[in-house]
Amino acid sequence: MRTSINSDPRFSTGSEPSAVAGRTAPLYFLRPGAAGNDAVCDEPKLGSDEFHTAARKLRARVIAGAFVSAIDAVVAGVRRFRDWYVQRRQARIAYDALRSLDDHTLRDLGFDRSELTSVAAEVTGDAVHTRIRALMMHATP
């Protein structure tokens, strides 16, 4: 039986170059120190009740953290959906307004009836602005 962990090769600090390319920092394979079950342990031993209480507190913190993360993800998803819905609704309103115009008025504005969907998408920010008129319409409230 060994009396010191320093003579055990499993506890070496890995001062030799590691198998990972380019890494020269020491590697610790196992954590050397008191195991908590010998006479030289500096840390007090936990009793069964204290151990279970600590485990319950840790479990509660982990579950609470997971619950908060799940709620945050759901809230973020609802916000993204709401933003998408508002943008699509604005595009539909713009499309309906342009569709109600006659061909002569649309031609005066520089649009063809076949472009109404893309113009509405550009005005609401759903598509990249490629028309100067759409840029000017978007700038005004």
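No lab work stands behind these numbers, since they all come straight from the coordinates. Remember, it's a predicted structure, so these values are computed and weren't measured experimentally. When we count neighbours, we look across all protein chains shown, and the Cβ atoms used for this are built from the backbone with ideal geometry, even at glycine.
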Subject >> Extension gain from PHE51 to ALA64, taking 0.36 nm per residue of separation minus the Cα-Cα distance >> reply: 2.7 nm
Original post:
Between ARG79 and HIS129, how many nm apart are label points set 7 Å from Cα along the C-beta direction?
Top reply: 2.5
